[in-house]
Amino acid sequence: MSDAVLDYDQVLEQFDPVLGLEVHVELNTASKMFCGCATTFGAEPNTQTCPVCLGLPGSLPVVNAVAVESAMRIGLALNCSIAEHCRFARKNYFYPDMPKNYQISQYDEPIAYDGWCEVEVDGEPYRIEIERAHMEEDTGKSLHVGGATGRIHGASHSLLDYNRAGVPLIEIVTKPITGTGDKAPEVARAYVAMLRDLLRALGVSDVRMEQGSLRCDANVSLMAKDATEFGIRSETKNVNSLRSVERAIRYEMTRHAAVLTGGGAVKQETRHWHEDTGVTTSGRSKEAAEDYRYFPEPDLVPVAPSRDWVEQLRSTLPEPPAQRRKRLQAEWGFTDPEMRDVVSTGAVELIEQTVAAGCTPQTARKWWMGELGRRAGEAGVELAEVGMTPAQVAELQGLVDAKVINDKLARQAIDGVLAGEGDPQQVVDARGLAVVSDDGALSAAVDEAIAANPDVADKIRGGKVQAAGALIGQVMKAMKGQADAARVRELIMEKLSS
Ligand SMILES: [Zn+2]
C-alpha cells in the first residue's frame, strides 16, 4: 500500500523543509581501515578478509595512515577544523554483515568538524554548514536469495560477503539545512554533486554512486510556517544516484505533509527509496544514539595529527569547486544558464575532459547536454554512465569536422558506441556510415532529383533558392543520409544557375 502524498506546491504553502544529509564515502585506499586486506571492488566473495576484519577473537586493529590523511584532506576541503586529538569509538549493534558485532567509528570526537561549503541552484548560492566528517569502517554485504525484490522479505536464505567489511569510510554530516524552500530537493542534489566532484578532485574515492562508494542518507522534516521547532524527521537510507536524492527528498516532503495535514504524526524511522516506483517505504524505527552504547575503542590509540601535518595537507588541496567552476566558465565562454545546466547535470568534468581531448567547449557541450543527455535520461542513468567516454565524443566530433560524417550520421555512430561496437571510427567503418564524398555519385543523385522535379527546378532557376530544400531532402534520402548537405546544395545551385 502506498502512502498518501500532498501536492508539492501545497507542501510549500504550509511548511518549510529542513534537511540533514549524511554522505558516506568509501575511500580508495589500497588496504582496509584497520587491516592489510585489499579493497578491490567486485572480487570473489570472502577472498579479501583476515582475522581482523572478520572480527576473530584476539585480533587487533591498526589504523590505516593513508585513510587518516584522506579524512583530513576531506575535512580541510570542506573548511573544517581538524581535531588536535580524537579517538575512535565502538558503535554496538548486531547485524549479520558486521562480524565484530560492533562497528569502529567516531562518536563525540570526529577528526574534522565545523566546516561549510557553498552550492548554487538556479544561480542562487546556498551555504551548507558541515557538522562533522568522521572516520569509520564499512560493513559487509548481505545478499538475500529467493525473494522477488532482493530484500530480506520473501527470501529463502541469505549469503554474506565480508570483502567490504572494514573498508575505510568517511561520513560527512551537515548541520540542519534550512531556508531552501521549494528548492530543497535541488539543493540536496547540488550538494551531493558538489561533494562528488570535490572528492574526485581530491583523489580520495572512486565516488561511483552506482557501486555504493558514495551514498547519501537523506533526513527530511517539515516545520509548519509558524513553528519554532523542527519537525520529526525520517531518514531515507543509501540513496545511490543524484537524481534519486532529489526525487526521494521531494517524495518525502509530500508524504510528510500529507501525514501532518491529516492530523497525524510523522514517525521517526529509516526508509528505503524505490527507484522504480518513485516512493519510499518504512524500514526500521530509528535508534537513538544511546541505543548504540558508544564507548572509546580500547584497542586503538588516539589520533593526534601534528599541526605541521595538517598544514602540509592543506597545501595539497585542489582548487575549490566554486572557484574552479567560475574559471572554467570564463575559459569556455559559456553563458550563466549554459554553465548552470552543465553543473546541475554533472557534466563539468566530462566537458573538461572532452575539451582536453581536442573538442571545442561549445561542441563538447552540445553533445553532452544534447544527444547524450537525452539518452542518459531515457536510460535513467547519470551522464557519466551513459556509455560514451569524453575521448570518444572528441573523436566523433573530429569525424564531423573532417566531414567524414554529418550530425545525423554521428547520432547513428553514437548508437554503435553505446551498443559496444567500439570507438566512433570503428563504428563508422563497420556500419559504413561515412558520407559519400565522391562527387560523381552525388552529382548523379542531384541530376535524378532535378529530373524528377522539373517544377521545383524551375522555381530555383527563377530565383526561389529556398525551394532547394525539397531537392536536398530527396538527394539525402536517396543517399540514405550519407551525404554532406552543404555540398549537395552547392551541386544543385551549380546545375541550375547555368
Ligand atoms: Zn582484513
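Please treat every number below as a calculation from the coordinates, not as lab data. Keep in mind that what you see is a predicted model, and the values were worked out from it rather than measured. Backbone-built Cβ (ideal geometry, glycine too); neighbour counts: all protein chains shown.
Positive end of the dipole of the chain (Cβ unit charges, origin at the Cα centre): among Gln211, Gly473, Ile414, the Cα lying farthest that way belongs to Gly473.
Label zone of Ala30 (point 7 Å out along Cα→Cβ, amide N under 17 Å): in region 132-147 this covers no residue at all. Can you pick out the pairs among Lys403/Lys464; Lys408/Lys464; Lys32/Lys366; Lys225/Lys326 whose Cα atoms lie more than 32 Å from each other? Among Lys403/Lys464; Lys408/Lys464; Lys32/Lys366; Lys225/Lys326, the Cα-Cα distance tops 32 Å for Lys32/Lys366; Lys225/Lys326.
Run lengths n ≥ 4 of DSSP H only: what is the helix-derived mean residue ellipticity at 222 nm for the chain, with -39500 (n - 2.57) per run over all residues, to the nearest 500? Present the calculation step by step, with values, prior to reporting the outcome.
Values: 17 runs with 193 residues, N = 498.
Taken over the chain, the calculation gives -12000 deg cm²/dmol.
Annotation: amide H-H contacts under 5 Å for Val279 (H modelled 1.01 Å from N, sequence separation of 5 or more, or interchain): His274. With angles folded into 0 to 90 degrees, how steeply does helix 65-77 sit against the dominant principal axis of the chain? Use alpha carbons for both and round to 10. For 65-77 against the chain, the angle is about 70 degrees. Evaluated on the chain, the Kirkwood hydrodynamic radius is 26.2 Å, with distances taken between all distinct Cα atoms. If you take the Cα centroid of region 249-324 and the Cα centroid of region 203-225, the two points sit 7 Å apart.
Mind giving me the FRET efficiency for Ala265 and Leu160? R0 is 35 Å, r the Cβ-Cβ distance, nearest 0.05 is fine. Walk me through the numbers before you get to the answer.
On the way: r = 37 Å, r/R0 = 1.05.
It comes to 0.45.
In terms of other Cβ atoms within 10 Å, Leu199, Leu143 run from fewest to most in the order Leu143, Leu199. Only Cα pairs under 8 Å and 6+ residues apart enter the sum, and on that basis the relative contact order of region 73-174 stands at 24 percent. Take region 266-370, compute every pairwise Cα distance, and split them into 10 Å bins from 0; I just need the percent in each bin. All Cα pairs considered, the percentages come to 11, 22, 14, 25, 23, 6.
Please list, short to long, the whole-number percent of alpha-carbon pairs of region 1-97 in consecutive 5 angstrom bins beginning at zero. Percent of pairs per bin, in order: 2, 8, 12, 16, 15, 11, 8, 8, 9, 7, 3, 0. Using the Cβ-Cβ distance between Asp439 and Gln353 with R0 set to 60 Å, the FRET efficiency from 1/(1 + (r/R0)^6) comes to roughly 0.95. Rounded to the nearest 20, the size of the Cβ-charge dipole of the chain about its Cα centre is 420 debye, with Lys and Arg at +1 and Asp and Glu at -1.
Here region 284-431 is described by how far its Cα atoms reach on the three principal axes: 68, 40, 30 Å, from widest to narrowest. The simple spin-label model puts a point 7 Å past each Cα toward its Cβ; for Asp3 and Ser497 those points are separated by 7.0 nm.
To the nearest 0.05, what FRET efficiency results for His85 and Phe41 with a Förster distance of 35 Å applied to their C-beta separation?
Values: r = 34 Å, r/R0 = 0.96.
Once rounded, the FRET efficiency stands at 0.55.
For region 248-265, 3J(HN,Hα) computed residue by residue from phi via the Karplus equation (6.51, -1.76, 1.60; θ = phi - 60°) reads 5, 5, 4, 4, 4, 4, 6, 6, 4, 4, 5, 5, 5, 6, x, x, x, 10 Hz, glycine and proline entered as x. Put simply, the amide H of Asn28, placed in the peptide plane, has neighbours under 5 Å in Ser205, Asp206, leaving out anything fewer than 5 places away on its chain.
Distance from the Cα centroid of region 1-49 to that of region 350-425 is 30 Å (rounded to whole angstrom). Summing charges over neighbours of Thr47, with a neighbour being any other residue whose Cβ is under 14 Å away from its Cβ, gives +1 when K and R count +1 and D and E count -1.
Panel values: region 42-147, Kirkwood radius from alpha carbon pairs, Stokes-Einstein at 4 °C and 1.567 mPa s, translational diffusion coefficient 79 µm²/s. Modelled spin labels at Asp308 and Ala452, positioned 7 Å past Cα toward Cβ, are 8.2 nm from each other. Pairwise alpha-carbon distances in region 102-206 exceed 20 Å for 58% of all pairs. Over region 182-307, all Cα pairs binned in 5 Å intervals from 0 give whole-percent P(r) values of 2, 9, 16, 17, 15, 15, 12, 7, 4, 2, 0, 0, listed from short to long. For the chain, the longest principal axis of the Cα atoms and the long axis of helix 407-418 meet at an angle of about 40 degrees.
Along its three principal directions, the equivalent ellipsoid of region 398-490 from the Cα gyration tensor extends over semi-axes of 30, 11, 10 Å, largest first.
Each principal axis of the Cα atoms in region 279-332 has its own extent, and those three values, largest first, are 52, 46, 13 angstrom.
Taking K and R as +1 and D and E as -1, what net charge do the other residues with C-beta under 12 Å from the C-beta of Gly140 add up to? All intermediate terms of the calculation are to be shown ahead of the outcome.
Working: positive: Lys32, Lys100, Lys141, Arg164; negative: Asp97, Glu137, Asp138, Asp161.
In short, 0.
Report the Rg/Rh value for region 341-498, based on alpha-carbon coordinates and the Kirkwood definition of Rh. Don't skip to the answer; put the middle values down first.
On the way: Rg = 18.6 Å, Rh = 17.2 Å.
Ratio of gyration radius to Kirkwood radius: 1.09.
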